[in-house]
1. Checking LEU96 against (1) more than 21 Å from MET1 (Cα to Cα); (2) out of contact with any Phe, Trp or Tyr (no Cβ under 7 Å at 6 or more places or on another chain): exactly one of these is not met. Which one?
2. Go through the range 1-95 and tell me which helices (runs of 4 or more DSSP H), entirely inside it, have 3 or more residues that are in contact (Cβ under 8 Å) with a residue 24 or more places away in the chain and over 18 Å from ALA108 (Cβ atoms).
3. Pick from the range 26-55 the residues that are open to solvent by 80 Å² or more (accessible area, probe 1.4 Å) and within 19 Å of the chain's Cα centre (by Cα): which of them is modelled with the lowest pLDDT?
4. So LEU62 fits all but one of (1) open to solvent by 20 Å² or more (accessible area, probe 1.4 Å); (2) farther than 17 Å from LEU9 by Cβ; (3) touching a helix residue (DSSP H, G or I) at 6+ places or on another chain (Cβ under 8 Å); (4) among the aliphatic types (A, V, I, L, M); what number is the exception?
5. Considering every residue within the range 92-110, establish whether at least one is within 10 Å of the chain's Cα centre (by Cα) and surrounded by fewer than 21 Cβ atoms within 10 Å (Cβ to Cβ).
Amino acid sequence: MPQRLGRALGYAVLIWIVGFVWGSVVFMTPALRNISSIPYISRYPAISFPLLVIWLLIAYLLARSYLRSAPEEASEGLRLGMVFAAVNLLLDLLILVLLFKNGLGYFASLTVWLAYLILLIVPWLTGRSLANRRKVAG
């Protein structure tokens, strides 16, 4: 578990909300909503491709903020990444699959799994980078 679980959960929910808001904007914009899916890659390309970039940036910035005061940045970064990925997977399952009835086909897209991988790996790499920087400076 991360040292500051509440903050880690809050950041993870914030990441999910950004995705949910962007998805809502796309579904309310006919030109974006009508973009064709790419089989096995993305069911909703207008949502997934911009979110991959946005989540990459947000995950990095939030991880830097979170890990700034962590004693062991690399291991704490991995734990933070696991929280980011797990919370987003759980919220996708509960809200998008069950509540909005998208079905388990939602998880049949490469971009969905790539997004979870980004949320897992970026905080870990950020933590490793901060730890290496601390070793060099110290």
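1. Here LEU96 clears every test but (2).
2. Details: elements: 5-28, 30-33, 45-67, 73-91.
The qualifying helices (runs of 4 or more DSSP H) are 5-28, 45-67, 73-91.
3. My answer is ARG43.
4. For LEU62, the exception is condition (2).
5. Taking the range 92-110 and keeping what is within 10 Å of the chain's Cα centre (by Cα), we get none.
No: the range 92-110 contains no residue that is within 10 Å of the chain's Cα centre (by Cα) and surrounded by fewer than 21 Cβ atoms within 10 Å (Cβ to Cβ).
The values are calculated or read from the model by the stated rules, or taken from the named source; none is laboratory data. These figures come from a predicted structure and were not determined experimentally. Positions of Cβ are generated from backbone atoms using ideal geometry, with glycine treated the same way; all protein chains shown enter the neighbour counts. These accessible areas exclude ligands, DNA and RNA; they are computed on the full protein's heavy atoms, side chains included. Shrake-Rupley method; radii C 1.70, N 1.55, O 1.52, S 1.80 Å.
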